[in-house]
There are 2 protein chains.
Amino acid sequence: MPPRSTGLLGALDSTSDRAVFRQIADQLREAIDKGRFAEGDKLPSETELIDHYGASRMTVRNAISLLQGEGLVVSEHGKGVFVRPRPPVRRLASDRFARRHREQGKSAFTVEAEAVGSRPEVDDLVVREERPSQDIATRLGGARKVLARRRRYLLDGRPVEFAVSYLPLNLARNTPIAEPNPGPGGIYARLEELGHRLDHFEEEIRARMPSPEEAKTLRLASGVPVIHLIRTAYDTEGRPVEVCDTLMAADAYVLAYQLPAT
Amino acid sequence: MPPRSTGLLGALDSTSDRAVFRQIADQLREAIDKGRFAEGDKLPSETELIDHYGASRMTVRNAISLLQGEGLVVSEHGKGVFVRPRPPVRRLASDRFARRHREQGKSAFTVEAEAVGSRPEVDDLVVREERPSQDIATRLGGARKVLARRRRYLLDGRPVEFAVSYLPLNLARNTPIAEPNPGPGGIYARLEELGHRLDHFEEEIRARMPSPEEAKTLRLASGVPVIHLIRTAYDTEGRPVEVCDTLMAADAYVLAYQLPAT
DNA sequence: TAGTGGTCTAGACCACCTA
DNA sequence: AGGTGGTCTAGACCACTAA
């Protein structure tokens, strides 16, 4: 008879005081780490694991749930549990806001995606006037009303980033910035045309687990954190002219920065 | 009779097709978000939730496990389930490697911790020669052997960061860099004294869930991701002189960077 | 239709903490 | 000793997917 997929797994150590579901998770994790199950492979079904280990269904499910929390596997109802495929990663370079990149026609996201052969999309574009949260208001130097631009970025149909840009209303109202499509080079190009020459950006980075709502927006598998990035753009007079609040699927990004030694 | 802690919770919607354990989790989450349970507060016990909702124990535990995965609560055996306290956050500023900060006596970590009234500790200091991984070797320009400095940083007894520095062996051997305590200003100060004037650093940032081993080293609650930071230091001749591979408890850090607009 | 994971019940025994 | 969460069993019915 052909080897079943549980042939790749060992036996439990009944003398160990490590919980059975942890031992099962350990064995599956090791098999994944060593490549005996590759990315996208199906793990043995719950029934097979129950037979192999002689454990109850809840114990087996507990083990799998542990691996889900670690981001190692994803389950698909009616199909099985699979080793989580690693999506292509988008690298944000430290010079990504250099002026020369704005002087092309397309947006940075589009250019970059096409360079690596991915299909870029932007949806959920909502532009409207709002009263900012306390935090955003402070970052914008005390703005009372702001223009908020919300959008979601997708690569090959997969959402990877959700971003909201806030600009002081007195600066953005009745300009191309308030249009759904602000034109070539994006809002930073428009800001400069309006006389707000950009000097530098400050970024703050945090990582955490998503709320259920955020997980839904980014279609995140369980066990995938988000990177929360808040960027403030300053003009040459030191005034903040934009705050961008961004939530990124952590498994889709690497952020790169350069730091001076002086 | 006095209000029990479940008095803060509503009833289930039996007409909803949302799973019972999700509804229970939703109610607890909302109560936490709205501050009806504050940081560090104890949630109703499993028994109380079972009585309140008329659900079975597994259903209630399933709900709590959902909240654990979101990083909202932590359970303590024999005590209860608590709203996860937010630890003080360590902010890494964009000028943290400026030369002027090295010219003091103490390490950056120590100075910074004492400034915010925390007690800094460094343990697990292991310094030894190693053969680098392919990735580290590449980053160091093809080094065959390296000096590896491992250490764990703690604030008020809580581990927050685990870091390994790699330096080309031919550069670090028989220097203070190979000592457990490299002296005031740390290894960057020593590198400069040895004639390797530092020019800039490059950092790469990722976020993900920790492996069980990493979670143990950093004593992470479930639902807390890690920030994985890889820094390469370059001297004025453009040569990489150090790679530092760092794992940080994501709930203990905010990283700040400055980006040029030009 | 058969196999998969998703939800739920009703119990049991254990380990840990506080008192 | 009593309350808390941790582990485990043995079932049940359901929803989704594929052949």
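Quick notes on this structure:
- Taking the conditions (1) farther than 21 Å from A:Ala250 by Cα; (2) near DNA strand C (Cβ under 8 Å from one of its atoms); (3) open to solvent by 60 Å² or more (accessible area, probe 1.4 Å); (4) hydroxyl-bearing (Ser, Thr, Tyr) in turn, A:Thr15 satisfies each one other than (2).
- The single residue among B:Val127, B:Val111, B:Val146 that is exposed (fewer than 15 other Cβ atoms within 10 Å of the Cβ) and over 19 Å from B:Ser222 (Cβ atoms) turns out to be B:Val111.
- The set of residues in the range B:166-189 being crowded, with 17+ Cβ neighbours inside 10 Å and either away from chain A (no Cβ under 13 Å) or touching a Ser or Thr at 6+ places or on another chain (Cβ under 7 Å) (or both) consists of B:Tyr166, B:Leu167, B:Pro168, B:Leu169, B:Leu171, B:Ala172, B:Ile177, B:Ala178, B:Pro182, B:Gly186, B:Ile187.
- Restricting the range A:52-101 to residues that are modelled with pLDDT of 95 or more and acidic (Asp, Glu), the residue that is nearest to B:Arg206 (Cα to Cα): A:Glu70
- Within the span defined as the range B:232-249, one or more residues are at the interface with another protein chain (Cβ under 8 Å from one of its Cβ atoms) and either more than 20 Å from the chain's Cα centre (by Cα) or open to solvent by 10 Å² or more (accessible area, probe 1.4 Å) (or both).
- With respect to being of a type outside the set (D, E, K, R), assigned to a helix (DSSP H, G or I) and within 10 Å of chain A (Cβ to nearest Cβ), B:Ala215 fits the description.
- Comparison of A:Arg57, A:Arg84 shows that the only residue that is touching a helix residue (DSSP H, G or I) at 6+ places or on another chain (Cβ under 9 Å) and more than 9 Å from DNA strand C (Cβ to nearest atom) is A:Arg84.
- One residue alone among B:Glu203, B:Glu192 is within 14 Å of chain A (Cβ to nearest Cβ) and modelled with pLDDT of 95 or more, and that residue is B:Glu203.
- Within the range B:11-26, being more than 14 Å from DNA strand D (Cβ to nearest atom) and either at pLDDT 95 or above or assigned to a helix (DSSP H, G or I) (or both) holds for B:Gln23, B:Ala25, B:Asp26.
- Checked against (1) more than 14 Å from chain A (Cβ to nearest Cβ); (2) open to solvent by 20 Å² or more (accessible area, probe 1.4 Å); (3) more than 21 Å from B:His101 (Cβ to Cβ), B:Ile136 passes all but condition (2).
- Here is the figure for the range A:184-203: residues that are assigned to a loop (DSSP other than H, G, I, E, B) and in contact with a Gly (Cβ under 9 Å, 6 or more places away or on another chain) total 2.
- Scan of the range A:209-229 for residues that are closer than 29 Å to A:Ala98 by Cα and open to solvent by 10 Å² or more (accessible area, probe 1.4 Å), ordered by number: A:His228
The values are calculated or read from the model by the stated rules, or taken from the named source; none is laboratory data. The structure displayed is predicted, hence computed values, not measured ones. Here Cβ is always computed from backbone atoms with ideal geometry, including for glycine, and neighbour counts include all displayed protein chains. Calculation scope for accessible area: heavy atoms of the full protein, side chains included, ligands and nucleic acids excluded. Shrake-Rupley method; radii C 1.70, N 1.55, O 1.52, S 1.80 Å.
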